[in-house]
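Here the structure comes first, spelled out in C-alpha cells, and everything after it is commentary.
Quick note: the coordinates plus some simple rules give every number you see, no bench work behind them. No experiment lies behind these values; they were computed from the predicted model shown.
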Amino acid sequence: MHVSFPPDLLIDEEGITFDPPEPDTLDIVHIYTTIKNTGEVTAYNVILQMWDGDPGAGGIPLLGTGYNIPRFYPARNLHLM
C-alpha cells in the first residue's frame, strides 16, 4: 500500500528577490519568487498573494486579489515574476 502525501508548497527566504535590490521611492520594483511543491501530488488552484506589511495589520496587497496557479505538479519549482 502506498499513501500519497498532499501538496507541500514552500517559499523560502532565498526564493524571493527584488530588482533593484534597494529601490528608491517611486522606483518600479520587480519581485521574483520561486515556489516549490515538495509534496507527492499536484496542487490545484493555488492563489499566490504578496503583501507589503502584515495582511492582518493593514498591509497592502501587491498583486490585487492574487495570482492563480491552476496546476502545480509535485517535485517541481515554479519561477514567477
Item checked: Which label in (i) 42, 27, 18; (ii) 57, 25, 19; (iii) 42, 33, 19 gives the computed Cα extents along the principal axes in Å -> (ii)
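Taking 8 Å as the Cα distance limit and 6 or more residues as the minimum spacing, I'd like the relative contact order of the chain as a percentage.
32
State the extension gain, in nm to one decimal, for the chain segment bounded by ILE60 and LEU10, taking 0.36 nm per residue of separation less the distance between their alpha-carbons.
Numbers: separation 50, 0.36 × 50 = 18.00 nm, distance 2.18 nm.
Taking 0.36 nm per residue and subtracting the Cα distance, the gain is 15.8 nm.
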